[in-house]
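Student: The structure under discussion is supplied below as structure tokens; questions concerning it will follow.
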Amino acid sequence: MDLRLTVDLPRDLDRMNALRHALDGALVGLEVSEQSRTDIALIISETWANVISHVRVGVAFQVRTTVNEQRCVIEVTHPGELSVENLNALLASEHSLRVVRSLADEVDVDSDGLLVKVTKKL
């Protein structure tokens, strides 16, 4: 079974918390381990906090999450144009990138519009 969750979010931590809770509830329903759910919540928090610290107020981002029996893939994208310095926001903070890399199995940062794609094996 595949679970796909796509949410358009402005630069707002309260809405990100709501997304994290909704995703966690779905992961509980799919019987994902507590440790994997904790890691996924932290990956989302670190990625999102870094993104909102590097972009201007009012910029909306899309968070796409796909979960199947083997993995969870989280993609944070921006639907419009961003400058290169904003596009690679995750790279600007080595701390956040180290945290995400320590929890995930794969981390991709792409200069073509994808801020980050994180894969966590379940």
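The values are calculated or read from the model by the stated rules, or taken from the named source; none is laboratory data. Computed from a prediction, not measured in an experiment: that's the story for all the values here. When we count neighbours, we look across all protein chains shown, and the Cβ atoms used for this are built from the backbone with ideal geometry, even at glycine.
Student: From the residues in region 26-47 that are of a type outside the set (Ser, Thr, Tyr), touching a Lys or Arg at 6+ places or on another chain (Cβ under 9 Å) and surrounded by 12 or more Cβ atoms within 10 Å (Cβ to Cβ), which one is modelled with the lowest pLDDT?
Tutor: It comes out as 44.
Student: When region 92-122 is examined, which residues are found to be at pLDDT 85 or above and of a type in the set (D, E, K, R)?
Tutor: 101, 105, 106, 108, 117, 120, 121
Student: Report the residue count in region 13-25 for those that are surrounded by 15 or more Cβ atoms within 10 Å (Cβ to Cβ) and in contact (Cβ under 8 Å) with a residue 24 or more places away in the chain.
Tutor: 4
Student: Pick from region 53-83 the residues that are among the β-branched types (Val, Ile, Thr) and within 12 Å of the chain's Cα centre (by Cα): which of them is modelled with the lowest pLDDT?
Tutor: Among those residues, the one meeting the criterion is 77.
Student: Also, I was wondering about something else. Check off (1) surrounded by 12 or more Cβ atoms within 10 Å (Cβ to Cβ); (2) at pLDDT 70 or above; (3) more than 18 Å from residue 121 (Cα to Cα) for residue 89 and give me the number that stays unchecked.
Tutor: (2)
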